[in-house]
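The values are calculated or read from the model by the stated rules, or taken from the named source; none is laboratory data. What you see is a predicted model, and the numbers here were worked out from it, not measured in a lab. Backbone-built Cβ (ideal geometry, glycine too); neighbour counts: all protein chains shown.
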Amino acid sequence: MSTMATNRDCIVEQAVLGEIAPALARKGRYLRIAPDGTVSALPGVGAITYNVRVGDSALKWRADHVEPGVSVKNDKEDANAALNLLACVGNAAVLVSGEAKGARGVVTGKHGGIEHVLADFAAEDVERMTIGDKVQVRARGLGLELMEQADVRVLNLDPDLLELMGLEPAGDRLRVPVTHRVPAAVMGSGIGNGDALSGDYDIQLFDQEIVERCGLGTLRLGDVVAVIDADHTYGRIYRGGAVSVGVVVHSCCSQAGHGPGVTTLLTSASGRIEPVIDAGANIANYLKIGTAREGR
């Protein structure tokens, strides 16, 4: 466990609320055309997803941006914006209505575009949940700072999870365990957004040489990955020498420009993050959720 100095005593904790969101498909627009011309219709965003959990492969599923566990959204636009801004990866989530009322889970990511917050709950609790059940998140993390690493910005990250990630100062750099180093050249949907305080952006997997060279075929949901030459300080951009770190939050997609999504956790425009490869750098392992909770 890291003992890095932070301002965690100064950050605010607030309750934000959403409902378990239904599966979504746009009438007449659910077919996906891959860059090779293949056409498919597949399960996608929203819903209670019973058999896809944090820690599972992000690639093996016949799916289109499938979200592991439970997808949460507030049907009021501004309230949903607050949910997506304030909820951070690692935050506690609790069912406050329905048969599974009282079940406790953990926020595992944010999915842009559709604006869902994703949460993991124990399998036995998920079986008792219903679309529309209310989920309250104890949101904390917005405004979190590393006091001795001014060139590294923290985003979307619960302070307790930060302490579990094995971060180590090394001179003017911060060593961060990651499962993969991803070149910014393959990052797609979500790039250029005005900020990285919510949502995600996608790793394109259409260049087989890069997939093999970087080992991207082994990506798992929940993996902590480094995006090389990417700066997320004020939005997701390409910047030579910068490094950003995020967590893989949804599955792959065959559509051009898309792939497994990454929610930002740390970024350094000056490249003060030093990624260290560690196959165990997955939030399922850090938080004992998903496949780690199920012992697989």
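Go through the stretch 15-39 and report how many residues are surrounded by 13 or more Cβ atoms within 10 Å (Cβ to Cβ) and within 19 Å of Val96 (Cβ to Cβ).
Looking only at that region, the number is 7.
Is it fair to say Gly217 is out of contact with any His (no Cβ under 8 Å at 6 or more places or on another chain) and modelled with pLDDT of 95 or more?
yes
Sort out for me the strands (runs of 3 or more DSSP E) sitting completely within the stretch 95-148 that have 2 or more residues that are assigned by TED's automatic domain parsing to the domain that holds Glu67 and under 18 Å from Val248 (Cα atoms).
104-111, 116-121
Determine which single condition Ala170 fails, assuming it passes every other condition in (1) of a type in the set (A, V, I, L, M); (2) out of contact with any Lys or Arg (no Cβ under 7 Å at 6 or more places or on another chain); (3) modelled with pLDDT of 95 or more; (4) in the same structural domain as Ala284 (by TED's automatic domain parsing).
The number of the failed condition is (3).
Step by step: first the residues of the stretch 59-110, then only those that are under 17 Å from Gly290 (Cα atoms) and of a type in the set (Ser, Thr, Tyr), then the one that is nearest to the chain's Cα centre (by Cα). Which residue is that?
If we take residues in the stretch 59-110 being under 17 Å from Gly290 (Cα atoms) and of a type in the set (Ser, Thr, Tyr), then Thr108 is nearest to the chain's Cα centre (by Cα).
Could you list all residues from the stretch 173-211 that are closer than 17 Å to Ile283 by Cβ and modelled with pLDDT under 95?
Once the filter is applied, which keeps residues that are closer than 17 Å to Ile283 by Cβ and modelled with pLDDT under 95, the stretch 173-211 yields nothing.
In the stretch 1-53, what residues are farther than 28 Å from Arg293 by Cα, assigned to a loop (DSSP other than H, G, I, E, B) and modelled with pLDDT of 95 or more?
Asn7, Ile11, Val12
Please verify whether the stretch 276-293 includes one or more residues that are under 16 Å from the mean Cα position of the chain (by Cα), of a type in the set (A, V, I, L, M, F, W, C) and within 30 Å of Ser40 (Cα to Cα).
Within the stretch 276-293, none of the residues are under 16 Å from the mean Cα position of the chain (by Cα), of a type in the set (A, V, I, L, M, F, W, C) and within 30 Å of Ser40 (Cα to Cα).
Within the stretch 237-250, work out how many residues are buried (at least 24 other Cβ atoms within 10 Å of the Cβ), over 11 Å from the mean Cα position of the chain (by Cα) and either modelled with pLDDT under 95 or not small (Gly, Ala, Ser) (or both).
Here the count works out to 1.
So, in the stretch 231-263, exactly how many residues are of a type in the set (D, E, K, R) and out of contact with any Asp or Glu (no Cβ under 8 Å at 6 or more places or on another chain)?
So the count comes out to 2.
Would you check which residues across the stretch 251-287 are surrounded by fewer than 19 Cβ atoms within 10 Å (Cβ to Cβ) and either of a type in the set (Val, Ile, Thr) or assigned to a strand (DSSP E or B) (or both) and list them?
Glu274, Val276, Ile277
It is to be established whether one or more residues within the stretch 17-28 are touching a residue at least 24 places away in the same chain (Cβ under 8 Å) and acidic (Asp, Glu).
Yes, that holds for at least one residue.
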